[in-house]
Amino acid sequence: MVLKEIQIREKFGEDELDSRLRKVRLKGFQEVEIYADADIAIKDFTPQEITERVFTPQPSVYRNGYLERVEAMNDLFSQQGIDMANLSGGVDYIAVDDEGVETEWTLIPPVVEMIKVNFDGFGLDYSNLLSLPLKNQMVFEGHRLNPDVRELAYDEYTRGLQTLPIICDGSHRIHSHREKGLTQKLLVIDGPQEGFPYYAAPKPYSEVKVILDRPDNGGKDKVHVLTSPGHKLLYRLFPSGGILSGDVRTPKK
């Protein structure tokens, strides 16, 4: 899809955004509202803070079709008086492609989730961070912890439980604004429900590389916490600039 036009349906503020986020569920656990009791805030991040403080589950971003699309979106939203780098709420909008096809989306600030990660001196250890429902489903469906996670090197974290800011959504927007040297607003979610860790192991943002094209079979450097086919059980289902808003959107009247 080549984005040609944006039609704004509704702009909403922090209270509505907070309300929608607290209804967010997990892909494999539809009864879990992962952010129901979390602290949710919009905070400014400088390019230096992004590089030095933030972690990402996939340290690759793609120029063609991804960063380029962010640029196109920036231009279209700017024409509507909306600065994508400085969202203080969200926008429901209709995207019109070059063939006139309309699709509905929701734009919210990129999301960073404060995630507990255990470093035991030999790498990452998720065994004590899993809830009983997750463990039971793993046993019932034959999933297990991914042994590749234990092979990842983290020189600065040798032992103990750490809380890391990990990008949950909007990585290409974050990188596009960082490339421009812009301070940007991110949604920081602190205190998600324990026992359901983020779906992939974190890597420092300083390791992010720009790749011209996304590989045909997707990113190759994402290390899921669980083995396939359960590797997507922990995915968060919330509205964003790149994901259909699904059932967290306010229903049409």
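The values are calculated or read from the model by the stated rules, or taken from the named source; none is laboratory data. Quick caveat, the model's predicted, so the values are computed rather than measured. Neighbour counts are summed over all protein chains in view; Cβ atoms, including those assigned to glycine, are modelled from backbone coordinates with ideal geometry.
Points to keep in mind about this one:
- Selection of first residues in the range 131-152 that are over 17 Å from residue 27 (Cβ atoms) and of second residues that are surrounded by fewer than 13 Cβ atoms within 10 Å (Cβ to Cβ), restricted to Cβ pairs under 8 Å at least 6 apart or on distinct chains, gives the following pairs, ordered by first then second residue: 145/127; 150/122.
- Residues within the range 62-106 that are assigned to a loop (DSSP other than H, G, I, E, B) and of a type in the set (A, V, I, L, M, F, W, C), tallied: 3
- Screening residue 187 with (1) within 23 Å of residue 119 (Cα to Cα); (2) in a strand (DSSP E or B) gives one miss only, at (1).
- Breaking point among (1) modelled with pLDDT of 95 or more; (2) more than 25 Å from residue 6 (Cβ to Cβ), for residue 157: (1)
- The range 14-45, residues that are outside any strand (DSSP E or B), of a type in the set (Asp, Glu) and surrounded by 12 or more Cβ atoms within 10 Å (Cβ to Cβ): 14, 16, 18
- Considering the range 57-66, and only residues there that are in contact with an Asp or Glu (Cβ under 8 Å, 6 or more places away or on another chain) and on the phi < 0 side of the Ramachandran plot, the residue that is modelled with the lowest pLDDT turns out to be 58.
- All of (1) loosely packed, with under 14 Cβ neighbours inside 10 Å; (2) in contact with a strand residue (DSSP E or B) (Cβ under 9 Å, 6 or more places away or on another chain) hold for residue 75 with one exception: (2).
- Of all residues in the range 46-61, those satisfying the criterion of being part of a helix (DSSP H, G or I), touching a helix residue (DSSP H, G or I) at 6+ places or on another chain (Cβ under 8 Å) and either aliphatic (A, V, I, L, M) or loosely packed, with under 14 Cβ neighbours inside 10 Å (or both) are 50, 52.
- Residues that are buried (at least 18 other Cβ atoms within 10 Å of the Cβ) and not in a strand (DSSP E or B) within the range 163-184 comprise 170, 171, 172, 173, 174, 175, 176, 177, 178, listed in sequence order.
- The residue that is modelled with the lowest pLDDT, counting only those in the range 196-246 that are touching a Lys or Arg at 6+ places or on another chain (Cβ under 8 Å) and more than 25 Å from residue 126 (Cβ to Cβ), is 241.
- From 154, 198, residue being under 21 Å from the mean Cα position of the chain (by Cα) and not in a strand (DSSP E or B): 198
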